[in-house]
1. Can you tell which of 205, 302 is in contact (Cβ under 8 Å) with a residue 60 or more places away in the chain, farther than 22 Å from residue 155 by Cα and crowded, with 16+ Cβ neighbours inside 10 Å?
2. Tally time: how many residues in the stretch 212-228 are within 20 Å of residue 108 (Cβ to Cβ) and touching a helix residue (DSSP H, G or I) at 6+ places or on another chain (Cβ under 9 Å)?
3. Can you find a residue that is more than 23 Å from residue 269 (Cβ to Cβ) and either out of contact with any strand residue (DSSP E or B) (no Cβ under 9 Å at 6 or more places or on another chain) or modelled with pLDDT of 95 or more (or both) anywhere in the stretch 130-144?
4. Among the candidates 126, 147, single out the residue that is more than 22 Å from residue 12 (Cβ to Cβ) and in a loop (DSSP other than H, G, I, E, B).
5. Kindly provide the set of residues from the stretch 135-159 that are near the ligand (Cβ under 9 Å from one of its atoms) and out of contact with any helix residue (DSSP H, G or I) (no Cβ under 6 Å at 6 or more places or on another chain), ordered by number.
6. Taking only pairs six or more apart or across chains, which ones have beta-carbon atoms under 8 Å, a first residue in the stretch 32-52 that is on the phi > 0 side of the Ramachandran plot, and a second residue that is part of a strand (DSSP E or B) and within 10 Å of the ligand (Cβ to nearest atom)?
7. List the residue pairs whose Cβ atoms are under 7 Å apart, where the first residue sits in the stretch 280-293 and is farther than 19 Å from residue 121 by Cα, the second is in a helix (DSSP H, G or I), and the two are 6 or more positions apart or on different chains.
8. Can you tell me which residue within the stretch 277-297, out of those that are surrounded by 15 or more Cβ atoms within 10 Å (Cβ to Cβ) and in contact with a strand residue (DSSP E or B) (Cβ under 6 Å, 6 or more places away or on another chain), is nearest to residue 111 (Cα to Cα)?
Ligand SMILES: NC(=O)c1ccc[n+]([C@@H]2O[C@H](COP(=O)([O-])OP(=O)(O)OC[C@H]3O[C@@H](n4cnc5c(N)ncnc54)[C@H](OP(=O)(O)O)[C@@H]3O)[C@@H](O)[C@H]2O)c1
C-alpha cells in the first residue's frame, strides 16, 4: 500500500508519519517541501491545485492522506476566501486526481461543521450548520470530496492536542508557568483527543480497507474522538494537575471558570462539540480510550523531554 501524506508536519500529520509507516512505502509532503528533522519531503501546497494534481499523478499512491488544513479559526473570519481555497477547493482537486488515478482519500474534518446547539452527541447524519468561516470551509471540503466520486474516508474530529504544535494543552502549560490565575471557558463541551489516537485509528482503518472493493460500504464519513467529555475549564484543571504530579509544573494556578460571553473571540465556537463515535467503533471493531488517558501520556512525554533537557549529560 503506497501512501502520500499531505501536511506531514502538522499535529496529526506528524503522528501519521509514525503510524502509517508500517503499512507500506510512505511519501511525506508539506507546503514548504521541508519537514521537522531530516529526511525526504515533497512539496504540496494546497493553495496550488494544478501542482497538487500533478504530484498525485506522478506519485500514483494507493491512498492520499490529507492532514493539511487551514486551521486558524479566528483568522478565517478575516480571510474566508483563503480558508475556502485550502479547506474546500483543494479537496475538489485532490478528489478529482484521486478518481483519475484510482487512489483513495483519507481526509480529516471537524466538529465545527455543526452549530453546537445540541445536548446529545452529534451523529454523522445530523444536519451541518457551521457557525463561522472555518466551519463553512471544512463543510464545503467534505462535500467537494464526496462530489468528486473518489473512494474516501472523512474523519471528523475535535479538540486535538499533542506534545508539539499549537494546541490548548501547550497554551495552558505556558500560561501556568507565568500566571497565578487563569480564566478558562466552562460552557463549551467536547472530547480532548490526541493527534496520536487519530493517527493510530487512521492506520487501523487503512489496514482494514486493504484490498476493499470500490463499492465497500465502509467508505464514508465517521466521527473520531477520544471517549468522555469535559469543558475547556475541566480539561485545564485535569491537565495542570497532571503536570504538577509529573513535576512538569511547580504549582497549580488558580483556575477561574468563565462563560464564553466573557471571552469574546472573532469566530463563534460551538458550545456542544461532543461527537457520537459509535459508527466508527462498530464498523471497524475499535475501542476509543478516555480523553484522560491521552492527556496523561502527552504530559508524561513533555515531562520526560523537560527532564532530559535539564539533565547535565
Ligand atoms: N486542531 C484541532 O483542534 C482540530 C479539531 C478538529 C478537526 N481538526 C482537523 O484535523 C486536521 C489536522 O489538524 P491539526 O490539528 O494537525 O492542524 P495543524 O497542526 O494546524 O496542521 C495543519 C498543517 O497544514 C499545513 N498547511 C496549512 N496550509 C497549507 C497549505 N496551503 N498547503 C499545505 N499545507 C498546509 C500546515 O503547514 P504550515 O506549518 O506550513 O502552515 C500544518 O502543518 C485538519 O483537517 C483540521 O481541520 C483539527
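The values are calculated or read from the model by the stated rules, or taken from the named source; none is laboratory data. All of these numbers come straight from a predicted model, not from anything done at the bench. Glycine gets a Cβ as well: all are built from the backbone with ideal geometry, and neighbour counts include every protein chain shown.
1. Details: 205 fails: farther than 22 Å from residue 155 by Cα.
Residue meeting the stated conditions: 302.
2. The qualifying residues number 9.
3. Here is the first cut: in the stretch 130-144, the residues more than 23 Å from residue 269 (Cβ to Cβ) are 144.
Next, only the ones that are either out of contact with any strand residue (DSSP E or B) (no Cβ under 9 Å at 6 or more places or on another chain) or modelled with pLDDT of 95 or more (or both) stay: 144.
Yes: one or more hits.
4. Working: 147 fails: in a loop (DSSP other than H, G, I, E, B).
When all the criteria are applied, what remains is 126.
5. 155, 156, 159
6. 33/43
7. 284/204; 284/205; 284/208
8. Among those residues, the one meeting the criterion is 277.
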